[in-house]
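A.B. asks: One structure, pasted below without further comment.
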Amino acid sequence: MAEEILIPSSGKITSQLTWSLLAVAFLTSFGSSMLYGYNLAVVNSPAVYIKDFYNKTALGRNGTALSGETLTLMYSLTVSVFAIGGLLGSLIVGMLVTRFGRKGTVVKTTVLVFIAGSLMGFSRVCGSPEMVIFGRFITGIHSGISLSVVPMYLGEIAPKNLRGFLGLVPSIFIGTGVFSAQILGLHQLLGKEEHWPLFLSVVVVPTFIQLMLLPWFPESPRYLLIEKHNVHATITALKWYRAKCNIQAEIEEMQDEQRSLSSVETLSVWKLLQDDTVRWQVLSVVIINIGMQLSGIDAIWFYTNDIFENAGIPAPEIQYTTAGTGIIEIIAGLIGCFTIEKLGRRPLMIGGFAMMGLCSAGITLALILQAQLSFMRYVSVCCVVGIIGGFCIGPAGVPFLITAELFKQSHRPAAYIVGGSLNWLSNFTVGFVFPFLQMSAGSYCYLVFATICVSVAIYVYIMIPETKNKTFMEISQMFSKKEAVLETQSLTHVDQLKLKKMNGYGGVEHASLEFNSSSSVP
């Protein structure tokens, strides 16, 4: 069932990578994660045609055309309702994964895509703008669920040395979704007035492929053992996903985690926030998820065309140049995916956020000086590429992976609810606030994003340990001992404490609170 993939040049990652693991990662990402990226960009190209449809529909119903303000409001609602649906989806994901399982949730929620695709695809035939808006809302719900459940599923089926590699596959497909929307939106393809309903509804194709193939693969072994207590199904699932490994050792590790839980019942968000034993994990998830959206990446995408126009790129070529940035997304995502198990999670997040901060400051400088120095226009283009590359190499995908790694089975769904809801709220906030920020601060508005990016990079460097090649139990123990150290620090005189470099991050440790050798991984 699980054939090992042997690619000598890829070393350790491919030594235990099986076809079944790779197939699940591609199927879940292709039919779910890619749709998120596609729906982010799909409404940009046909914006004029959608507004014209809204106007003609109002004229046919009421005999009068819509005012400019009303038309802008309706189109803004069409765009932003996707984020509102995403927030709702992120809030219900915990309930779904507990009831239906990880794979079960991915499969069962495909019905949302078919409903949304049908609504948007037949909206013009039915003369109903409401069908477009409601369809976007439903796709948002699906994306809100997918952004949490897919990394959770992949993180639980992967062996510890492949969690990073598989965990970043969804981010590659998110970039692929954006790029697909940009390419299909070209005038030569679906970027014509008669094709915009098809352009919006083509999302049903990858989801149909996923629905046909994914049910043949097993559920998450951790879910089957820890929450369903089904040892036989767990062994069967592990045999699907492993080529050469000690299955008994993995089962014993899961059972150790199960015994460590005060209850195998999934915690609610409220109980998670009240649990002092995971307060640093929760704070870390909050900061990196908010930072991912407040980094300004959405604002950059919104103003990419304007920046390229200011750089002197001819107007007919801007759509192709913008599509080229989608290639940068995919390349950067691939770099992150194939280096994360060698470099670790922290370098990708620290480097990505730091690069985004530097390039955001560079855009401010370029916009201020481009009137005096013509070459600054090209500097601004390079900074846009740098921000996109920095985002996709780490901050685009690692926060979802880290959310899975920092929590044990009982806490993980609630953690994804917290991270996902803050992610979507921050997304909506940037979209709503940025136009006003840009009007009030002008070119200096990007300094706000630069400050946020650098601050998140510093927090990751100081507070988040490296989780590469560690089991969920070992990661939990790292934070537990960090918590004990910090409590000891508040009760002990500073002269009795020493600073020690451990596990890739700085931690304050009392002489009597040394790490046991059994809690670290060779």
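A.B. asks: Please verify whether Ser295 is more than 30 Å from Leu367 (Cβ to Cβ) and either at pLDDT below 85 or open to solvent by less than 50 Å² (accessible area, probe 1.4 Å) (or both), treating the condition exactly as stated.
C.D. replies: Criteria not met by Ser295.
A.B. asks: Of the residues Arg102, Arg124, which single one is in contact (Cβ under 8 Å) with a residue 40 or more places away in the chain, open to solvent by less than 60 Å² (accessible area, probe 1.4 Å) and among the basic types (Lys, Arg)?
C.D. replies: Step by step, each of Arg102, Arg124 is checked, and only Arg102 is in contact (Cβ under 8 Å) with a residue 40 or more places away in the chain, open to solvent by less than 60 Å² (accessible area, probe 1.4 Å) and among the basic types (Lys, Arg).
A.B. asks: What do you reckon, is Cys359 at pLDDT 90 or above, in a helix (DSSP H, G or I), assigned by the TED database to the domain that holds Gly420 and touching a Gly at 6+ places or on another chain (Cβ under 8 Å)?
C.D. replies: In short, yes.
A.B. asks: Okay, moving on. Within the range 69-81, identify whether any single residue is in the same structural domain as Val204 (by the TED database), among the charged types (D, E, K, R) and either outside any helix (DSSP H, G or I) or under 19 Å from Tyr36 (Cα atoms) (or both), and answer yes or no.
C.D. replies: Within the range 69-81, none of the residues are in the same structural domain as Val204 (by the TED database), among the charged types (D, E, K, R) and either outside any helix (DSSP H, G or I) or under 19 Å from Tyr36 (Cα atoms) (or both).
Condition check ((1) over 23 Å from Glu194 (Cα atoms); (2) open to solvent by 10 Å² or more (accessible area, probe 1.4 Å)) across all residues:
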residue	(1), (2)
Ala41	no, yes
Tyr49	no, yes
Leu59	no, yes
Gly63	yes, yes
Thr70	yes, yes
Thr78	no, no
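A.B. asks: On the basis of being among the hydroxyl-bearing types (Ser, Thr, Tyr) and assigned to a helix (DSSP H, G or I), does Thr451 make the cut?
C.D. replies: yes
A.B. asks: Just need a number here: residues in the range 459-489 that are open to solvent by 40 Å² or more (accessible area, probe 1.4 Å) and at pLDDT 75 or above.
C.D. replies: So the count comes out to 3.
A.B. asks: Hey, among the residues in the range 176-189 that are of a type outside the set (Gly, Ala, Ser) and within 27 Å of the chain's Cα centre (by Cα), which one's nearest to Phe26 (Cα to Cα)?
C.D. replies: Out of the qualifying residues, it is Thr176.
A.B. asks: Can you pull out every residue in the range 450-477 that is among the polar types (S, T, N, Q), in contact with a Ser or Thr (Cβ under 8 Å, 6 or more places away or on another chain) and in contact (Cβ under 8 Å) with a residue 60 or more places away in the chain?
C.D. replies: Ser476 - this is the single residue of the range 450-477 that is among the polar types (S, T, N, Q), in contact with a Ser or Thr (Cβ under 8 Å, 6 or more places away or on another chain) and in contact (Cβ under 8 Å) with a residue 60 or more places away in the chain.
A.B. asks: Taking Tyr378 and the conditions (1) open to solvent by 20 Å² or more (accessible area, probe 1.4 Å); (2) not in a helix (DSSP H, G or I), which numbered condition does it fall short on, given that it satisfies the others?
C.D. replies: (2)
A.B. asks: Taking the range 348-375 only, how many residues are among the aromatic types (Phe, Trp, Tyr) and either more than 27 Å from Gly167 (Cα to Cα) or surrounded by fewer than 20 Cβ atoms within 10 Å (Cβ to Cβ) (or both)?
C.D. replies: 1
A.B. asks: Further, regarding this structure: For Val456, indicate whether it is under 18 Å from Leu348 (Cα atoms), open to solvent by 30 Å² or more (accessible area, probe 1.4 Å) and part of a helix (DSSP H, G or I).
C.D. replies: Taking the combined requirement at face value, the residue does not satisfy it.
A.B. asks: Here's a follow-up. Do the conditions hold for Val111, that is, is it of a type in the set (A, V, I, L, M) and open to solvent by 20 Å² or more (accessible area, probe 1.4 Å)?
C.D. replies: yes
A.B. asks: A follow-up question, please. List the residue pairs whose Cβ atoms are under 8 Å apart, where the first residue sits in the range 196-223 and is within 22 Å of Lys239 (Cα to Cα), the second is open to solvent by 20 Å² or more (accessible area, probe 1.4 Å) and of a type in the set (S, T, N, Q), and the two are 6 or more positions apart or on different chains.
C.D. replies: Taking only residues 6 or more apart or on different chains, the pairs are Pro218/Thr236.
A.B. asks: Just to be sure I understand the filter: pairs with C-beta atoms under 9 Å, separated by 6 or more residues or on different chains, first member in the range 227-241 and outside the structural domain of Val97 (by the TED database) and closer than 13 Å to Phe217 by Cα, second member of a type outside the set (A, V, I, L, M, F, W, C) and open to solvent by 70 Å² or more (accessible area, probe 1.4 Å). Which pairs pass?
C.D. replies: Every condition considered, the pairs that remain are Thr234/Lys228.
The values are calculated or read from the model by the stated rules, or taken from the named source; none is laboratory data. The model shown is predicted, which means the values in this text are computed figures rather than measured ones. All Cβ positions, glycine included, derive from the backbone under ideal geometry; neighbour counts span all protein chains shown. Only protein heavy atoms, including side chains, enter the accessible area calculation; ligands, DNA and RNA are left aside. Shrake-Rupley method; radii C 1.70, N 1.55, O 1.52, S 1.80 Å.
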